[in-house]
Structures are given as C-alpha cells and as structure tokens.
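Below is one structure, written out as structure tokens; the observations come after it.
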Amino acid sequence: DAGRICDAARDAQIHDRILRMPDGYDSVLGTGSMLSGGERQRPTIARAIITDTPVLILDEATAFADPESEYLVQQALNRLTRDRT
C-alpha cells in the first residue's frame, strides 16, 4: 500500500527527493531520469526493504555518488541490514 511504500522510501533516504519530482511517486524512472548516481541506488534499496529480500547484491553502490549521496546510501543500507547477520 501507499503508506508502506512511503515508509520504505523514507528508510531508503529517497522520499523527499521523490516528492520534489514533477510527478512525485507517479514519476517514471529510467534512462535520462532526474536522479543522480547516488540517488539511483536508493529506490532499489526501498524495493528491497518492502520485499524484505534475503539477498541483495550491489555492485559499487556508491561509485558515482558525491559524499552526501554516499552517506545517504550508507544510511539506507544500514536500515536494510538492521537486525540481520
């Protein structure tokens, strides 16, 4: 449901950025999207939070991120891995 999606986006540190997009949560992401390199990782993390995925493979998750985005991606990953080994 919408509340669960928003909660996952908040946990993934991408909710506020989504709200600033012209179509908000109805925005279509893909080639040429308005997200920076660091921001592109966070919707994936939000999906992993929603589905409670047991395995998540990230290939250089912060390779194209500026320091602030790298920090936010790390915060999102910390949320995703909380209470896991």
TODO: Mind counting the residues in region 30-45 that are closer than 19 Å to Asp7 by Cα and aliphatic (A, V, I, L, M)?
DONE: 1
Task: Count - residues of region 20-30 that are loosely packed, with under 12 Cβ neighbours inside 10 Å and in a helix (DSSP H, G or I) - done: 3
- [ ] May I ask you to list the residues in region 31-51 that are of a type in the set (A, V, I, L, M), within 29 Å of Asp83 (Cα to Cα) and exposed (fewer than 14 other Cβ atoms within 10 Å of the Cβ)?
- [x] none
- [ ] Consider only pairs whose beta carbons are under 7 Å apart and that are at least six residues apart or on different chains; among these, list those whose first residue lies in region 1-30 and is within 15 Å of Ile45 (Cβ to Cβ) and whose second residue is polar (S, T, N, Q) and not in a loop (DSSP other than H, G, I, E, B).
- [x] Gln13/Gln75
Open item on the list: For the condition closer than 17 Å to Leu77 by Cα and touching a helix residue (DSSP H, G or I) at 6+ places or on another chain (Cβ under 8 Å), what is the one hit in Leu58, Leu35?
Closed with: Leu58
TODO: Restricting attention to region 20-51, report how many residues are acidic (Asp, Glu) and over 14 Å from the mean Cα position of the chain (by Cα).
DONE: 2
Task: Residue, nearest to Ala12 (Cα to Cα), within region 66-85, restricted to residues that are outside any helix (DSSP H, G or I) and modelled with pLDDT of 70 or more - done: Arg82
Task: Subset of region 41-57 (residues that are over 18 Å from Glu68 (Cβ atoms), free of Cβ contacts under 8 Å to residues at least 40 places away in the same chain and of a type in the set (A, V, I, L, M)) - done: Ala48, Val55, Leu56, Ile57
- [ ] Taking the options Arg4, Arg17, name whichever one is surrounded by 15 or more Cβ atoms within 10 Å (Cβ to Cβ), at negative phi and basic (Lys, Arg).
- [x] Arg17
TODO: Output the qualifying pairs, or none if there are none: Cβ atoms under 9 angstrom, residues six or more apart or on different chains, first residue in region 65-81 and of a type outside the set (Ser, Thr, Tyr), second residue surrounded by fewer than 17 Cβ atoms within 10 Å (Cβ to Cβ) and part of a helix (DSSP H, G or I).
DONE: Ala65/Gly37; Ala65/Tyr71; Asp66/Gly37
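The values are calculated or read from the model by the stated rules, or taken from the named source; none is laboratory data. Everything numeric here is computed off the predicted structure, so don't read it as measured data. Reconstructed Cβ throughout: ideal geometry from the backbone, glycine too, with neighbour counts over all protein chains shown.
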